[in-house]
Structures are given as structure tokens and as C-alpha cells.
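**Student:** Below is a structure I'd like to ask you about.
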Amino acid sequence: MRPIVNRLRHSSQLIDYAYRGIRNVGFANAARTMLYKPRAWLWERRFGGAGSPKHPVDAGDVVQVDEVDDGLMLWLDHAVCTVQVVTPHMLRIRVSASDAMPEYFSYATLPAAAQPTSWHWREGDGQISIHTDHATLIISKSPFGFKFKDGSGQALGAGTERLGWDQHGVVFSQKFDDGVWWYGLGERAFHLALERRTYGLTTRDPEGYAPGDDPLYINIPFLLGVQGGRAFGLLLDRMSDGELTLRPDGRVDYQVLGDELRLDIIFGPEPAQVLARYADLTGHASLPPLWVLGYHQSRWSYETEDIVREIAANFRQRRIPCDAIHFDIDYMDGFRCFTWNRKAFPDPAGLIADLHADGFKTVGMIDPGIKVDPNYDVCANGVQEDVFCKLPDGKLFHGPVWPGECYFPDFTHPRVRQWWQKWYARLVDVGFDGFWNDMNEPTIFGHATFPPAVQHDLEGRGAAHWQVHAAYGMQMVRATREALDAIRPEQRNWVFTRSAYAGTQRYASSWTGDNRSTWEDLRITPAMLMNLGLSGLAFSGSDVGGFEGAPTPELFVRWLSMAVFNPFFRTHTVKGSPWQEPWRYGPEVEAISRQYIELRYKLLPYIYTLFWQHASYGAPMMRPLFFEDPTNEAFLATDDQWLFGDHLLVAPALEENMAARDVLLPAGEWYDFWTDERLAGGQTIHRETPWRMVPLFVRAGTTLPVTEVQQFVGEKPNAALTLELFPGSGVSWLYEDDGKTLAYRSGEFRLTRFQMTETADGIILERFVQGDFTPTYTNMRIIVHGHAITTAFLDEAPMNMLNNHMQTPATSWRRLRLKIR
Ligand code: MIG
């Protein structure tokens, strides 16, 4: 219901969009798009559709059980099943409608995730049970079905209600507890706690979306469940299209094309533990270069060299920090990837060199479609080297996108990923620093994708497109990332993607695509980003100000101040919309935007540490309140505030004309970031929400590392690091390295643990350092919040404190003792 209502409400906008769409794609492409539909229909008639149609059948009973290395092999009436003990906290169940279990292959999971684990099994009473120290699986033999118990013995629902096959592939119904809270499932334009409804499992370009539209660009079939305060995870690792329904009674109905049900279950009980294990299973994100955490400015498109220069100059003249300018598709020559429109950009290398000299990094877009044009070298060479996807009759598949008819590289082929490298080398030579991969759902104009029968290599195994659909975008960004890593092996490379499948965090970060400049879109954004984070793809952001349409000054300010506390911080907007840079809304909004962007830059040491934590432990940077207490029902449902790392709580205004709002403070004590007021946690407080002061709170006991504002990362060597102390007891971390190379992997990093202890008359701060990296600064500034200091001792030497500020003579100190009033 909701999407339709939304659609109607915004129908004038949509008509406008459609009209602009035709104008943007051109009439020739509009015609090609119309012609693609019947072509696709003919192909489907000739080569078949998705899936392997089956007479409806159920798995049946267990006929025989064999123990194998790391689990059991079960023979069923109409299927085979394997149970693999992956780790003490992780089990993998595979059920296939075939005579023998097919070879295990997954783009999502890492083989190294399996650990030698002690386990045992028993048979009796019509049941088979498998136990590790932290997980139990109980299989009923007649009919076949299973249920789980976690480490505490808590049963996760009543078990399987149906497992079989029909014309849609696998059908599976599992009864979980009706009290389970569900999260994750990748990119969903819904609230954080997933509502009971059906979700599409596919990757798709919605061509603009509203809250409630589903599915979107990313398909991560991973659910995080919380039952009785204990968390578990379910990965339904299938790349083909499917559907998942969360029913009010706790039942989960799942259907997916193909023969195999594959379910990896991960136990916690802490949500953070599930996420850490999920990262071990599907891969950890790597540390991005530090500049990527600065502010990015984009639009579709900054169309000429002069415009790009003017945008860049404005940031510097107006002293609004900015690290990156994005080049959307119009920099290309007729949308041919790896070329330049020489009229608009006569000297790209010169332009980028000047931008570099001014401290800007540049990010260029690349789409998967390669224009069918024999005079275009990428196309000609690709045909010659046989890199493009084909139909079963051996003919090259082509379909219309921006450049007109396009061929598409088969990124599931290692040789094709290799081929991709030489073209990226060109753009790297011209100077692009980062890359942006779009349209990789893969999208064909006219709400279409590849026909199901298009052939893929799938690492030498061979597959039809419908079997790997969700991983096409992932393999594209994998190819891009591997290309960059081969071209610039000493650097950290960064690419971000619109489409993704489980495990994509190994290669790329993402953004939430074509949202709209509306309050309801802003309202849903933190929830979208948090659920992405609970699906392993935490490094993401939204188009600040909204993509489709134009934000009011108020909406722009609110969006920007919200996005300071998102992992990826970029403004972007659609073609034809008004300018959307921070100075377009008058001097007040400009000043406030500057203040928020400066706050982002001040917080970079803290934010960078969050990324290190994410890369190391899989914990998302934006954490739902229930990470504090998964038994708290209010926390389980809250998505208009979140924890940004261990120490900051942000509760932005996400509604129009909002003058004040309620804030849930988790247990413990908190400081108001703006006023230094010390507040008891475990209560709801009311806070005013002026444009300049997004409600922001710091946990008592925090040592918050901040740096001076720079106009871009690395503008000048940091002269000092500031430690902002919020008295209380607690541990804080600071991770530092050179921010750009891979030297940290051989020990060139510095990890500091700050242990703050509140005593009867003050606080003691101890500092423990590990690693070889030497930062550029030679002393530290210390600022104490919320309390007046009477005396200070640094390594027992008395120090002067002026207005709660002091400067350490060196960085080598170990212990700071403060008496406070
Ligand atoms: O069909 O490259 O989501 O960010 O500006 C639209 C043009 C293609 C969609 C992306 C958007 C980008 C736009 N792209």
C-alpha cells in the first residue's frame, strides 16, 4: 500500500522525473529502451527463464545419516542435506534437491572462516542433534526439519514448517519466536526494526525511490534477530532472486530461485559479537584513506572544467573544508567509460593536477556498460579479448544504457577482472583518486536487467545470469578494487558502489542511491544506514540534501548535520536540480554548514578510530541504541538517534519545524556536547534543536581525540592533538597511522588506550601506547569538560591549568591526575 500512496502523493514530481528522464537519456535511447522489452521477451522464449521449474515436492524424511569431517551428511527422500560446523558459534545448513550435494561455492563467505571446532552428535527419538559449546541444532527426521538453540539453551522458535521446491525454486518456512526483533537485510527504505511484511531479495534500480519502496539496489540476505535480549544472525547465501516474508507470528517464509537452500546461522549473544563473526565469515572492510572520511561534494554533473574549478574555488575562498569533488557521467565522451569529453574537459590531467595542488581529491564514475562502437578502443579490444557477456547461442548480449547499446564485461571471470585493470590505469594516470561504480545492479534502461539466460563464467564453473544476479555489482567493484590495488599497490584504494551482495565490504563502500529531497526520506536515512551496518556494509552514506528534487534551506541544514555522524559524508543531487552546495541557501545556512563540516574535521581522529574498529571487529560505526541494552524495548525500536562509535550519542531533528525533541539516554552518565551539562542516563530528556546545535552527547569517562580544523586532510602537519576529557570512568581508543599507505600492516600504526578512572576528588587518566608510528605533533592539548580543575599532575609533576586547558610538554606522558571541583 504505502509505496503506491507515496507515488500518488508525489506523482507530479514523478511525471517531471519521467519527462526529465527522456530528456536526459535522449530520444534515441528512449526508443532503444522500448525495443529492448520485446527483444528480452524473445530471448526468454528462446533460451528460457530463471530457475529450473520443478514439480512441487517436499524434502521428505531422513533416510540415512553419515558423519563427515566437519559435520553430517543426510540423505532425504527427495534431497540431500549437509550440516557443517563452521565455528563454535556458526553452523551451515545446505539442502539441495539433487542426488549429491553440489560443490560449495560462495562469493559471500571466506573459506578461512571455518575453525577446527569440537562438536558431537546424537541420534534418538526420531531426532538428530548436533552440539558445539555455543550452538545446538536439532533435526527432526520425519518429516525433515530443524530448529536451533543458542548457547544459553534458548530455543529459536518451533522449527521448520515447510521445506520443499516448486516452480519458484526453494520454499522454506521456519517458525521463529513471535517476539523476535528483526534487523539487517541490507538496504531497506523502512524503519530500523523491520516490519512484518514481504521483502524482495534482488538487486534492482528503482529509478528513484521513496520510503516503503522495495527492493532497492543492494541484496544482502542477512537477518539479525534479537530474542529475549540475545542476538543471532541468519545468512541465506543465494545470489538468485527471492522473497522473504516476516510474519507477525514469528514465521519466516523464504523462497529463492534454484535448487539449494543455504543457511548460515551465527550466535552471539551480543549483537556486536554476531557482527564480528559475520565479518569473520564474509570479510572485513579495509581501512580507507583518511581523506575519504572528509566532506565530499558531488552533483550529476559538474559538467565542465570551468564549473569544477568554480566549485573548488568557492570551497577554499569560503573556508568550507572539502576533500573531494566527484565527476559524474558527463565527464565522459558520449558516456564511453574511460574517455573524456574533450570539449568540456580539454585538459583533464591539468585540471586534476590543479585540484590536487589545492588539496582536492577527485572521484570518477564508471558504469559497467561499454558502448557498442567499433571505433571505441575499450569496446573493440573487449570484443577481441572476449570479455563481454554472451547469450547461450554465443552472440554478444547488448542492451541500452546511457551510451546507447552496450556490452557488459563478465566480472565473474578472473581474466575479465584482469582486463578491467588496463582501462583504470588510464584514469589513474589522469589523476582520479577514487572511483564510483554505478548502474551495476546491473541496470538496463526501462526497469530492466540482463535476461536470465546470459552466460557467466563464475570462476570457471559456468552459470546463467539468474543464478548470480545479485553478485554482478559486487564482482564489478571487486574488479575495480583489484585493478586499483594492482596499479597503486603501495596505496589504500577506495571505490564505492551502488549495488552490492553479502561480503561486498571487502572491496567497496556504498551509498543509498536515488533518494528524494523530502523530510520522510531524511527521517528514514539513519535507519537505512544502520540496517546496512547490521548487514556488514557499514561504510555508507546518503546523498546529503536528497537526490531527486531540491531541499529547503532547513532540510539541507538538518540533512547535513545528521550526516556528520554517518560513515560517508557527501552531498549529491540529480541532473537539472538547483545547485546544492552549502553556500546556495544564504549566509546563515552557509555559516552553519561550515560549522558542521568543521565539526566533522575536528572529530576525524575519533572517526578514523571508528573505522579502524570497524575494520578490526566488524562493529558498525552507526550503532542502534539496542547495542547498549538489547532487552530494552524502546531501544530496540529507536532509529531517530544512534551511537556514533563508543562515545557519541546523536539525536538530530529529522522533522520539519522541529524546535525540540525527546532523547533517550542509555544507562550511565552523559555530557551535553554543547553545554557540558552532566546528565544521568537511563532517562528520557527533552532537548531544543536549534539549527546550530544538533543534540549530541558524550559518554562520561570518554577521552575524545580531536584535531584542529583543516580545509582538507593533510593540509598541514597536525601541530597538536587535543584530548577532550569528559570526567567519569571508561576506556577510549585512538588509532593513528599515515592515513594513506599500507605501512600500518607492517606495524606503522599507533594504538592508544586511555583508561579514565573517577576518584573521590578527581580523575586519573592513564595512557597505554602500542605500535611504531610517530605522529607529527609534539605535544597534546587537554581540555576538561563539565568540571573545574583545581590541580593537575602530569606523571606526578604539577601542571598549570588555565580555564580547564593545558598543554603537555611532550607526547610521552603516561599518567594524568586531576583534582576537580
Ligand atoms: O540513471 O550517473 O544513483 O547518483 O548521479 C542515473 C548519473 C544514473 C544514478 C546514480 C546517481 C547518478 C546518476 N546515476
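**Student:** If I model a spin label at Thr245 and Ala155 as a point 7 Å from the Cα along the Cα→Cβ vector, what separation in nanometres do I get?
**Tutor:** In this crude label model, Thr245 to Ala155 measures out at 2.4 nm.
**Student:** Ok, one more. About its Cα centre, how strong a charge dipole does the range 17-170 have in debye, to the nearest 20, once Lys and Arg get +1 and Asp and Glu get -1 at the Cβ?
**Tutor:** The calculation lands at about 1500 debye.
**Student:** Once you put a point 7 Å from the Cα of Gln755 and another 7 Å from the Cα of Gln384, both along the Cβ direction, what distance in nm separates them?
**Tutor:** 6.5 nm
**Student:** Follow-up. Taking 30 Å as R0, compute the FRET efficiency from the Cβ-Cβ separation of Leu742 and Ala357 and round it to 0.05.
**Tutor:** 0.75
**Student:** Round to the nearest 10 and report in Å² the accessible area of Glu796, as given by a 1.4 Å probe over the protein chains' heavy atoms.
**Tutor:** Counting only protein heavy atoms, Glu796 exposes about 90 Å² to solvent.
**Student:** Can I ask one more? Only Lys, Arg, Asp and Glu count, each charged at its Cβ (+1, +1, -1, -1), so figure out the dipole size of the chain about its Cα centre, rounded to 20 debye.
**Tutor:** Result for the chain is approximately 940 debye, rounded to the nearest 20.
**Student:** When we measure straight from the Cα of Lys147, which lysines land under 19 angstrom away, once same-chain ones fewer than 8 places off are left out?
**Tutor:** The reachable lysines, counting only those whose Cα sits under 19 Å from Lys147, are Lys175.
**Student:** Looking at Ser509, Ala550, Trp583, which one has the Cα that reaches farthest to the positive end of the dipole of the range 470-626 (charges on Cβ: Lys, Arg +1; Asp, Glu -1)?
**Tutor:** Toward the positive end, the furthest listed residue is Ser509.
**Student:** If I take R0 = 41 Å and measure r between the Cβ atoms of Arg415 and Arg316 in this structure, what FRET efficiency does the formula 1/(1 + (r/R0)^6) give, to the nearest 0.05?
**Tutor:** 0.40
**Student:** Sort 566-573, 590-597 for me by packing, meaning the mean count of neighbouring Cβ atoms within 10 Å per residue, highest on top.
**Tutor:** Ranked from most to least packed, the peptides come out as 566-573, 590-597.
**Student:** Ranked highest first by the average count of other Cβ atoms within 10 Å around their residues, in what order do 613-620, 678-685 fall?
**Tutor:** 613-620, 678-685
**Student:** Continuing with the same structure: Loop-only check: which chymotrypsin sites (Phe, Trp or Tyr not before Pro) in the range 395-444 are DSSP coil with at most 13 other Cβ within 10 angstrom?
**Tutor:** none
**Student:** Take peptides 751-758, 112-119 and line them up by average Cβ neighbours within 10 Å, highest first, as a rough protection proxy.
**Tutor:** My ranking of the peptides, most packed first, is 751-758, 112-119.
**Student:** With Cβ to Cβ distances under 13 Å as the rule, what net charge do the other residues near Arg336 carry (K, R +1; D, E -1)?
**Tutor:** Every neighbour counted, the sum reads -3.
**Student:** Averaged across orientations, what area in nm² does the convex hull of the alpha carbons in the range 45-135 project?
**Tutor:** Mean orientational projected area (the range 45-135, Cα hull): 8.0 nm².
**Student:** List, in the order given, every pair from Lys716/Lys740; Lys361/Lys575; Lys361/Lys422 whose Cα-Cα distance in the structure shown is over 19 Å.
**Tutor:** Violating the 19 Å limit, Cα to Cα: Lys361/Lys575; Lys361/Lys422.
**Student:** How far apart, in nm, are the 7 Å Cα→Cβ label points at Glu708 and Gln683?
**Tutor:** Result for the modelled spin labels: 4.0 nm.
**Student:** When the chain is fully extended, how far beyond the present Cα-Cα distance does Ala28 get from Met658, taking 0.36 nm per residue of separation?
**Tutor:** Gain on stretching Ala28 to Met658: 222.1 nm.
**Student:** Once the Cβ-Cβ distance between Lys395 and Ser52 is put in as r, and R0 is 30 Å, what FRET efficiency do you end up with, to the nearest 0.05?
**Tutor:** 0.85
**Student:** Could you name the aspartates and glutamates in cross-link range of Lys371, using Cα to Cα under 18 Å and dropping any fewer than eight places away on the same chain?
**Tutor:** Lys371 reaches Asp328, Asp330, Asp333, Glu385, Asp386, Glu405, Asp410, Asp438, Glu441.
The values are calculated or read from the model by the stated rules, or taken from the named source; none is laboratory data. In this text the structure is predicted, and so the values were computed from the model without any measurement. As a convention, Cβ positions derive from the backbone with ideal geometry for all residues, glycine included, and neighbour counts pool all protein chains shown. Each accessible area value is taken on the protein alone, full model and side chains, heavy atoms only, with ligands, DNA and RNA left out. Shrake-Rupley method; radii C 1.70, N 1.55, O 1.52, S 1.80 Å.
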